[in-house]
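The values are calculated or read from the model by the stated rules, or taken from the named source; none is laboratory data. This one's a predicted model, so the numbers in the text were calculated from it and none came from an experiment. Counting neighbours? That spans all protein chains shown, and the Cβs are built from the backbone with ideal geometry, glycine included. Accessible surface areas use protein heavy atoms only, side chains included; no ligands, DNA or RNA. Shrake-Rupley method; radii C 1.70, N 1.55, O 1.52, S 1.80 Å.
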Amino acid sequence: MSTVVTTKKGKIRGCAENGCLVFKGIPYAKPPVGELRWREPQVTENWEGVYEAVRFSGKAVQGEQNVGFYGREFYADPAYDVEISEDCLYLNIWTPEDAVGEDAKAGLPVAFWIHGGAFMSGYGSEQEFDGAAYAKRGVILVTINYRLNVYGFLAHPWLDEESGRGISGNYGILDQIAALQWVSDHIAAFGGDPDNITIFGQSAGAMSVQTLLSSELTGNRIAKAILQSGGSYRVGVHRDMPLREAEEYGERFVELTGAKDLAGLRAMSTQELEKPLGQMMAEAFTSGKGLFFVPNIDGHVLKQGYNATIEEKKLKHIPYLLGSTKNDIMVTKEQLAAGEKGTLYEGCMAFSHKMEELWAEPSHVYYFSRQMPGDEEGAFHSAELWYVFGTVKRCWRPLTEADVQLSERMLDYWTNFMKKGDPNGDGLPQWRECSAADPFVMEFDV
């Protein structure tokens, strides 16, 4: 068994773990530091020798994660923590052992995961993420890091002037696009089919997925998409942020830093930028404006708003699978008591029905309702991640064998969809598309 692959960039060595090969911390762009801070990601140089991809890279600059509810849920185990660094543009690949080498199986479907975290936090090697269950099912999993918060989404007239396009912000989305391009160019060396890439993500990751689906910059590199608690049409979490509004947030941030010019702003350390970022967040949430470092409509990454993109048939015409959780964000106890399922659920239904209206191709829609044991949070926003990645045994909660079986079933559906655009397969309950005449939604519970 070989743990070395030869790509167009050079040789890469991975390691054998849990019945598959894992390649950790592969650079897909140059470190966005110094003069490359707040610039589009730059293509890496080829290398000599063998690149040792045997440890996960640092995560993008972000606040402390091991606090509060999500700190306990996903970030309490130090074994999965990594350093914080502006040098964060790396990806990880899990592939079957027999997908690499002289007698390798080629043309495997590829799953490209974009983590959530409100565009403020998160990373591709979190405790709940793992690709062994995908490799076992003949699917290659890729997870990525991308720039977050002010490093990934700062828009400002100084940056507009420098860009050559009169635009700024969206660096985190451009990172995702660069990672997708890298996978498209190199995944064949790992046994993958560059023409069969499914992009999927949750929360801000799902919002990112819909952004990539709405962008002309991704071309025809996306074959299918899964949107978990973040995909929608008309009703949902997407926000059409004009460039000028994004610049206004950026101008306020720069004012708080005290920087006199772009050179001075770039010269500031991450520690110096931490306080003004905290002040910006406090101001935004106090005023009720919510997230402000998000993708903006710049005429380059995004030509228009999310709903308009769908209505004008400019969203990728591909198979879709999407859904939400019972106790998701924007779902109140009063709504549940009244039999309502919340904004994200309604947005998924509307999305599927719009796909049917446009192309006579409704989507597959799910509803994750497992009441998670251990506290009163229920099927909270992100709860399904343990199941979708086959990592329920890493979870602190008193999960049961029934949870393991639920995870196996969801993984079968997800990977079937990644293979052929249809989640159905032998031994699985039939998952019908969600049409206007038959608004079927697959419910996931133990």
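Of the residues Gly290, Gly236, Gly278, the single one that is under 30 Å from Leu411 (Cα atoms) and either at pLDDT below 95 or open to solvent by 60 Å² or more (accessible area, probe 1.4 Å) (or both) is Gly236. Put simply, of Val82, Val61 the only residue that is part of a loop (DSSP other than H, G, I, E, B), within 14 Å of Ser121 (Cβ to Cβ), open to solvent by 20 Å² or more (accessible area, probe 1.4 Å) and without any contact (Cβ under 8 Å) to a residue 60 or more places away in the chain is Val82.
Within the range 41-52, the set of residues being open to solvent by 70 Å² or more (accessible area, probe 1.4 Å) and within 24 Å of Ala263 (Cβ to Cβ) comprises just one member, Gln42.
Has the range 26-42 got any residue that is over 25 Å from Gly264 (Cβ atoms), at pLDDT 95 or above and part of a strand (DSSP E or B)? Yes, because at least one residue in the range 26-42 is over 25 Å from Gly264 (Cβ atoms), at pLDDT 95 or above and part of a strand (DSSP E or B). Please determine, by comparing only the residues of the range 85-108 that are over 15 Å from Cys20 (Cα atoms) and at pLDDT 95 or above, which one is most open to solvent (accessible area, probe 1.4 Å). Filtering first and then ranking leaves Asp87. Out of the range 411-446, which residues are assigned to a strand (DSSP E or B) and either touching a Leu at 6+ places or on another chain (Cβ under 7 Å) or under 18 Å from Ala111 (Cβ atoms) (or both)? If the condition is that a residue be assigned to a strand (DSSP E or B) and either touching a Leu at 6+ places or on another chain (Cβ under 7 Å) or under 18 Å from Ala111 (Cβ atoms) (or both), then Phe444 is the only one that fits. Apart from one condition, Ala383 fits all of (1) of a type outside the set (Asp, Glu); (2) surrounded by fewer than 23 Cβ atoms within 10 Å (Cβ to Cβ); (3) under 25 Å from Leu399 (Cα atoms); the exception is (2). Residues that are open to solvent by 50 Å² or more (accessible area, probe 1.4 Å) and of a type outside the set (Lys, Arg) were ranked within the range 293-318; the one that is farthest from Phe440 (Cα to Cα) is Glu312. Out of all the residues in the range 132-140, is one or more part of a strand (DSSP E or B) and either open to solvent by less than 10 Å² (accessible area, probe 1.4 Å) or free of Cβ contacts under 8 Å to residues at least 24 places away in the same chain (or both)? Checked against the condition, which is being part of a strand (DSSP E or B) and either open to solvent by less than 10 Å² (accessible area, probe 1.4 Å) or free of Cβ contacts under 8 Å to residues at least 24 places away in the same chain (or both), the range 132-140 yields at least one hit. Restricted to helices (runs of 4 or more DSSP H) entirely inside the range 141-259, those with at least 2 residues that are of a type outside the set (Gly, Ala, Ser), in contact with a helix residue (DSSP H, G or I) (Cβ under 9 Å, 6 or more places away or on another chain) and within 30 Å of Gly342 (Cα to Cα) are 149-153, 171-186, 204-214, 243-257.
Go through (1) assigned to a loop (DSSP other than H, G, I, E, B); (2) in contact with a strand residue (DSSP E or B) (Cβ under 8 Å, 6 or more places away or on another chain); (3) farther than 17 Å from Phe129 by Cβ for Ile12 and report which single condition fails. For Ile12, the failing item is (1). All conditions in (1) open to solvent by less than 10 Å² (accessible area, probe 1.4 Å); (2) in contact with a Pro (Cβ under 6 Å, 6 or more places away or on another chain); (3) small (Gly, Ala, Ser) hold for Gly421, with the sole exception of (1).
Condition (residue is among the hydroxyl-bearing types (Ser, Thr, Tyr), closer than 23 Å to Tyr80 by Cβ, in contact with a Gly (Cβ under 9 Å, 6 or more places away or on another chain) and surrounded by 24 or more Cβ atoms within 10 Å (Cβ to Cβ)) applied to the range 165-172: is it met by at least one residue?
Residues of the range 165-172 among the hydroxyl-bearing types (Ser, Thr, Tyr): 168, 171.
Restricting the remaining residues to those that are closer than 23 Å to Tyr80 by Cβ gives none.
Checking the range 165-172: not a single residue is among the hydroxyl-bearing types (Ser, Thr, Tyr), closer than 23 Å to Tyr80 by Cβ, in contact with a Gly (Cβ under 9 Å, 6 or more places away or on another chain) and surrounded by 24 or more Cβ atoms within 10 Å (Cβ to Cβ).
Within the range 64-79, take every residue that is of a type outside the set (A, V, I, L, M, F, W, C) and open to solvent by 70 Å² or more (accessible area, probe 1.4 Å) and give me the one that is farthest from Arg39 (Cα to Cα). Selected residue: Arg72. I'd like to know if the range 333-346 contains one or more residues that are buried (at least 24 other Cβ atoms within 10 Å of the Cβ) and either touching a strand residue (DSSP E or B) at 6+ places or on another chain (Cβ under 8 Å) or of a type in the set (Phe, Trp, Tyr) (or both). Among the residues of the range 333-346, at least one is buried (at least 24 other Cβ atoms within 10 Å of the Cβ) and either touching a strand residue (DSSP E or B) at 6+ places or on another chain (Cβ under 8 Å) or of a type in the set (Phe, Trp, Tyr) (or both), which makes the answer yes.
If you go through the range 351-370 and keep only what is surrounded by 17 or more Cβ atoms within 10 Å (Cβ to Cβ), part of a helix (DSSP H, G or I) and of a type in the set (A, V, I, L, M, F, W, C), you end up with Phe351, Met355.
Please go through the range 310-332 and pick out each residue that is part of a helix (DSSP H, G or I), touching a strand residue (DSSP E or B) at 6+ places or on another chain (Cβ under 8 Å) and without any contact (Cβ under 8 Å) to a residue 60 or more places away in the chain. Before the answer, list the steps.
Taking the range 310-332 as the starting set, the residues that turn out to be part of a helix (DSSP H, G or I) are 310-311.
Now restrict to residues that are touching a strand residue (DSSP E or B) at 6+ places or on another chain (Cβ under 8 Å): 310.
Listed by number, the list is empty, since nothing qualifies.
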